[in-house]
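> Here it is: the structure, laid out below.
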């Protein structure tokens with residue numbers, strides 16, 4: 001068993017015993033099972049999934065970090081949402097704004113471009129996840 005804790009700046013999303021966890025990290029998806037080696041990694045926008053007694057649950061996550069130590073998985077995410085909780089219209093608006101920011105940042109600094117790209121990736125993940133893709 002793993003203890004999975006998912007926290008955002010707004011609230012604790014989950015604190016439960018699970019069988020497995022898959023997280024989208026900066027270097028790719030990482031599957032975590034009991035007795036996993038210690039790990040600290042940045043999260044990228046994507047889908048976090050966890051299994052409990054054969055049932056897989058999923059959340060869209062954006063930004064943050066994951067830490068695995070012992071049989072505890074701590075996820076500190078900028079946001080974590082179930083597909084039913086995603087406001088698709090707000091996500092589409094965020095995507096349009098991020099696309100405008102990315103176009104404007106193309107002639108600006110690398111940091112501005114990266115921030116706009118991250119916002120666009122987060123909006124795309126939310127839209128696709130809400131649509132069930």
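Quick note: the coordinates plus some simple rules give every number you see, no bench work behind them. Note that the structure is predicted; figures quoted are calculated from it, not measured. Using ideal geometry, Cβ is built from the backbone for each residue, glycine included, and neighbour counts are taken over all protein chains shown.
> For the chain, set up a Gaussian network in which alpha carbons nearer than 10 Å are linked by springs, and say which option among 55, 13, 88 fluctuates the most.
Looking only at 55, 13, 88, the biggest GNM fluctuation is shown by 55.
> Related question: Compute the helix-to-body angle for 110-130: its Cα long axis versus the longest principal axis of the chain, expressed 0 to 90° and rounded to tens.
Helix 110-130 sits at roughly 60 degrees to that axis.
> With labels modelled as points extended 7 Å from the Cα through the Cβ direction, what inter-label distance (nm, one decimal) is found for residue 90 paired with residue 16?
That separation, rounded to one decimal, is 2.2 nm.
> When only Cα pairs under 8 Å and 6 or more residues apart are kept, what is the percent relative contact order across the chain?
Values: 273 pairs, mean separation 28.9, N = 133.
So the answer I get is 22 percent.
> Taking neighbour counts of Cβ atoms within 10 Å as a proxy for exposure, in what order, fewest first, do 12, 92 appear?
12, 92
> The chain: Rg/Rh from Cα coordinates, Kirkwood Rh? Please report the intermediate quantities before stating the final value.
Values: Rg = 15.5 Å, Rh = 15.4 Å.
Ratio value, two decimals: 1.01.
> Given an 8 Å cut-off on Cα distances and at least 6 residues of separation, report the relative contact order of segment 87-130 as a percent.
Dividing the mean separation by the residue count of segment 87-130 yields 52 percent.
> Please compute the modelled spin-label separation between residue 115 and residue 3, points set 7 Å along Cα→Cβ, answer in nm with one decimal.
For the pair residue 3/residue 115, the computed spacing is 3.7 nm.
> Something else: So if each residue of separation counts as 0.36 nm, and I subtract the Cα-Cα distance between residue 69 and residue 26, what length gain in nm does that give?
So the chain would gain 13.6 nm between residue 69 and residue 26.
> Once the piece of chain linking residue 104 and residue 82 is laid out straight, how much longer is it, given 0.36 nm per residue of separation minus the C-alpha distance between them?
4.8 nm
> Taking all pairs of different Cα atoms in segment 87-130, averaging 1/r and flipping that mean, what Kirkwood radius in angstroms comes out?
10.3
> Still on this structure: For helix 88-105, report the angle its Cα long axis makes with the longest principal axis of the Cα atoms of the chain; keep it between 0 and 90° and round to the nearest 10°.
For 88-105 against the chain, the angle is about 60 degrees.
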